[in-house]
Amino acid sequence: MDPDVAFHLEIAAVVAVALIIVAIASRGVCEGAEDISTTGRAAVHATDVESALGDITLMTYEQATTGKVEEEERCAMCLSEYGEDGELVRVVPACGHFFHARCDVDRWLRKRRTCPLCRGGLWPQPLPGLPQP
């Protein structure tokens, strides 16, 4: 084998091994990090998350779409259509997006504290300058 070709193959192998090591190391770091944002819309305390997941946000598809101009036809979590009579959905209070209750969107909301569809916070933000309750 030509020495130049062998040298280039050795360099390529070293670079490939280094990239694999970096990918594995960064994956472990990212999995351990919790995605908690401290900026306006996503900053929610753990107790607020639990209250946002209360029974008030669990309703039938018919209740969730009452009065809406545009109905959501598919769940963004599983991509299945809504529509069974009495099918339960979980509604995100701030944006009004909803998902099948069976899709366990609660797990996403507890970890990320944002809507899976629009990435908005769980609760509407108060207008600037107004007293908070």
Next item on the list: Express in nm, to one decimal, how much length is gained between T65 and A12 on full extension, taking 0.36 nm for each residue of separation and deducting their alpha carbon distance.
Entry: 13.4 nm
Next item on the list: Could you order peptides 7-18, 78-89, 112-123 by the average number of other Cβ atoms within 10 Å of their residues, highest first?
Entry: 112-123, 78-89, 7-18
Check: Among D2, D106, which comes first, second and so on when ranked by fewest other beta-carbon atoms within 10 Å?
Finding: D2, D106
Note to self: If I model a spin label at W123 and V5 as a point 7 Å from the Cα along the Cα→Cβ vector, what separation in nanometres do I get?
What the structure shows: 6.8 nm
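Laboratory data are not the source of any read-out in this text; all were calculated from the coordinates shown. All of these numbers come straight from a predicted model, not from anything done at the bench. Ideal geometry is used to build each Cβ from the backbone, glycine not excepted, and the neighbour counts take in all protein chains shown.
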